1. Can you compute the FRET efficiency between R250 and R3 using 1/(1 + (r/R0)^6), with r the Cβ-Cβ distance and R0 = 56 Å? Round to the nearest 0.05.
2. Helix 321-332: angle to the longest alpha-carbon principal axis of the chain, degrees 0 to 90, nearest 10?
3. Using Cα pairs closer than 8 Å and at least 6 residues apart in sequence, work out the relative contact order for the chain, in percent.
4. Return one whole number: the accessible area per residue of the stretch 257-350 in Å², for a 1.4 Å probe.
5. Keeping all protein chains in the complex and leaving out DNA, RNA and ligands, what accessible area do you get for E241 with a 1.4 Å probe, in Å² to the nearest 10?
6. Could you rank W141, W179 by how accessible they are, 1.4 Å probe, largest area first?
7. Suppose every Lys and Arg Cβ carries +1 and every Asp and Glu Cβ carries -1, with no other charges. What dipole size does the stretch 1-151 come out with about its Cα centre, to the nearest 20 debye?
8. If you count only protein heavy atoms with a 1.4 Å probe, what accessible area per residue comes out for the stretch 76-173, rounded to a whole Å²?
Amino acid sequence: MDRMLLIDTVLRLLSAGQLMLIALVIGRSHAPRAIRWVTVLLLLCVAAYLADVAPVIDVRSMRIWPLIQLGSQMAPLLLWVFAHLIFERPVSRRLLVLGCAVTLACWANFVAAFYWTHRMPVAADIAQHALSFTCAAHAIWVAITERGDDLIERRRAFRTGFVIVVGLQTLGIVIVESWFGYLHTLAGLMLLQSGTTFIAVMAFGAVLLSSNAELLFDGETQPATQPSLSPAENVLRQQLEAAMAAHVYREPGLTIGVLSGKLGVPEHRLRALINQRLGYRNFSDFLNTHRVADAKCWLTDPAKVALPVLTIAMDLGYGSLAPFNRAFRDATGQTPTDWRRAALGGFENS
């Protein structure tokens with residue numbers, strides 16, 4: 001066996017083993033069920049890819065190869081879903097169904113080509129690579145644009161880095177495969193891929209396993225608040241309360257960076273105050289607390305009964321109706337329309 005291929009195989013096996021160990025820890029954690037199992041599936045699918053493309057490990061002779069191949073092809077789509085869940089963005093059901101349909105269709109063509117036709121349709125190959133590229137690129141975009149919402153600095157950096165590194169790995173694989181074809185005969189590129197994957201997996205595993213998955217997931221409960229504030233924290237809290245009393249939270253697109261600039265304080269100090277002292281998981285929760293409180297008052301005010309729900313949402317700083325509805329329903333268990341109807345009676349069109 002060629003020494004380079006042997007090293008490549010060892011690195012892939014070590015990476016796959018570490019991924020399965022991390023998946024076990026995540027599966028046994030107390031993270032929310034949906035994100036927990038999406039993460040487990042993502043890690044197992046990446047492990048499946050590592051095994052599927054290894055030139056020495058002949059997985060295609062195994063009966064479970066179609067399942068391994070399906071997992072390999074599902075990894076980019078799962079990364080996309082994972083990025084949305086971890087950064088608390090809604091997952092579009094239509095796009096998810098479309099992504100699953102494309103993946104399954106390409107997988108069926110791939111399996112059929114291997115067992116029967118012995119010829120991979122070009123359209124299916126292009127569709128699979130296009131979907132993988134799009135999912136990885138959008139996952140990276142989500143991580144970059146949403147990274148500021150998390151109030152815990154270390155977890156924020158880890159989450160962002162995790163998605164970006166996995167996304168860049170995926171983009172690299174798609175670009176190389178699209179240019180050179182599948183890598184089985186390119187030992188140098190195979191070793192580069194397995195080596196960088198091994199380094200990334202070991203680095204993430206060392207950090208993640210030592211923290212019992214807390215760097216990826218919020219716990220089921222809110223962070224414990226510490227009532228005793230230092231003089232500097234007390235002054236900052238008073239500044240924050242004054243800004244909230246002035247309704248700064250109604251500004252569209254308000255971020256914690258913008259708010260820290262308005263208060264003239266370092267961003268990390270404001271993050272620590274809102275999370276560790278006030279007990280909020282992320283900045284969106286903090287904003288939604290104030291916005292939903294206003295919404296409750298406005299929706300039960302007879303003088304505002306003719307004000308459309310969309311107008312209320314926009315006046316409170318939301319960019320559209322959907323995030324307002326989600327935030328209000330999470331806080332009250334009702335939609336804004338149902339809340340208004342229960343308070344004022346009658347029916348309305350929102």
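The values are calculated or read from the model by the stated rules, or taken from the named source; none is laboratory data. All of these numbers come straight from a predicted model, not from anything done at the bench. Note: ideal-geometry Cβ built from the backbone for every residue, glycine included; neighbour counts use all protein chains shown. Heads up: the accessible areas ignore ligands, DNA and RNA and are worked out on the full protein's heavy atoms, side chains in. Shrake-Rupley method; radii C 1.70, N 1.55, O 1.52, S 1.80 Å.
1. 0.30
2. Orientation of helix 321-332: about 70 degrees from the principal axis.
3. This gives 16 percent for the chain.
4. 48
5. For E241, the solvent-accessible surface is approximately 100 Å².
6. The most accessible residue leads, giving W179, W141.
7. 360
8. Per-residue accessible area for the stretch 76-173 comes out at 50 Å².
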